[in-house]
Amino acid sequence: MALKNTLSLKLALLQREGDRFTFKVARHRFQPRVDVVSSAGRSKSRIDPEAADSLRQDESGISSFGPQIAWRLPTGAEVSYLWSNQLKYSRATINHISGETSPLIDAGWSVSFAQPLLKGGGLTVGRADLTSAEFAEKISQLNLRNAAIVAINEALTSFRVYIQAREAASISRLSLERGRQSLETSRYLIEAGRISQADLIQAEADVAARELAHLTATNAEDSEI
């Protein structure tokens with residue numbers, strides 16, 4: 001219950017989750033990314049020759065698609081691989097009579113490499129975000145452990161104090177019962193003429209002191225619950 005209801009432990013746990021997610025995002029930057037690149041285009045051109053009875057219209061189009069893989073390196077460099085598939089077609093129309101379309105499929109690939117030499121280059125700069133996120137994640141992990149240890153210690157200390165207060169209340173209750181029994185015995189002895197009136201007053205004062213001690217111990221026990 002202490003681990004579940006301690007506010008500082010809940011805050012440390014939330015911080016731990018946030019720093020762990022930040023570290024995961026920073027580490028993900030150096031993993032290959034796969035995207036799909038696509039494009040399409042179409043163009044028309046119209047030609048009016050000098051002859052009034054002649055009209056030509058050319059139409060062409062191109063569409064391409066393919067996967068692209070990009071990989072960021074800790075040195076700040078970035079490697080990219082693109083595999084492109086292009087579909088081209090062209091069609092000529094003369095005097096509203098369409099010619100046949102001639103499709104053409106062209107496939108190719110390209111690799112690019114970019115390495116910053118000054119700004120943004122080097123392992124120290126390239127891994128700065130990852131290193132910072134890694135340290136923050138470790139610190140939050142230690143803070144979470146420390147918060148858990150503090151919560152457990154506080155719970156154990158509180159439980160120990162409660163046990164002590166409960167035992168003190170039990171002892172004071174037994175002492176009060178014995179004091180009351182001793183007071184009754186003193187009253188019988190007064191009636192029998194065995195002790196003086198002063199002894200009875202002393203016994204009553206002792207019972208009153210034990211009642212106060214029992215009340216104090218009971219209040220202490222209630223305050224620790």
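Here, each number is a calculation from the coordinates, and none is a lab measurement. All values reported here derive from a predicted model rather than from experimental measurement. No Cβ is skipped: glycine too gets one built from the backbone with ideal geometry, and neighbour counts run over all protein chains shown.
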Distance (nanometres) between label positions extended 7 Å along Cα→Cβ at Q115 and E177
8.8 nm
Computed E for Y188/S223 - FRET, C-beta separation, R0 30 angstrom, nearest 0.05:
0.20
What is the distance, in nm, between label points placed 7 Å from the Cα along the Cα-to-Cβ direction at I163 and at S80?
6.8 nm
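Taking 0.36 nm per residue of separation and subtracting the Cα-Cα distance, what length does fully extending L123 through F21 add? List each step's numbers first, then the result.
On the way: separation 102, 0.36 × 102 = 36.72 nm, distance 2.24 nm.
Using 0.36 nm per residue and subtracting the Cα-Cα distance, I get 34.5 nm.
At R0 = 22 Å, how high is the FRET efficiency between W71 and A40 if r is their beta carbon distance? Nearest 0.05 is fine. Don't skip to the answer; put the middle values down first.
Details: r = 27 Å, r/R0 = 1.25.
So the FRET efficiency works out to roughly 0.20.
Would you mind getting me the FRET efficiency between L156 and L212? Use the beta-carbon distance for r and R0 = 35 Å, nearest 0.05. Each step should come with its number before you reach the end.
On the way: r = 31 Å, r/R0 = 0.88.
After rounding to 0.05, the efficiency reads 0.70.
What length, rounded to one decimal in nm, is gained on full extension from S170 through to E134, with 0.36 nm per residue of separation minus their alpha-carbon distance? Before the final figure, lay out the partial values.
Values: separation 36, 0.36 × 36 = 12.96 nm, distance 5.38 nm.
Extending this stretch completely gives an extra 7.6 nm.
State the extension gain, in nm to one decimal, for the chain segment bounded by A205 and I105, taking 0.36 nm per residue of separation less the distance between their alpha-carbons. Please list the in-between numbers first.
On the way: separation 100, 0.36 × 100 = 36.00 nm, distance 11.20 nm.
Extra length from A205 to I105 when fully extended: 24.8 nm.
Relative contact order for the stretch 159-225: what percent, with Cα pairs under 8 Å and sequence separation of 6 or more?
Values: 46 pairs, mean separation 35.6, N = 67.
Across the stretch 159-225, relative contact order equals 53 percent.
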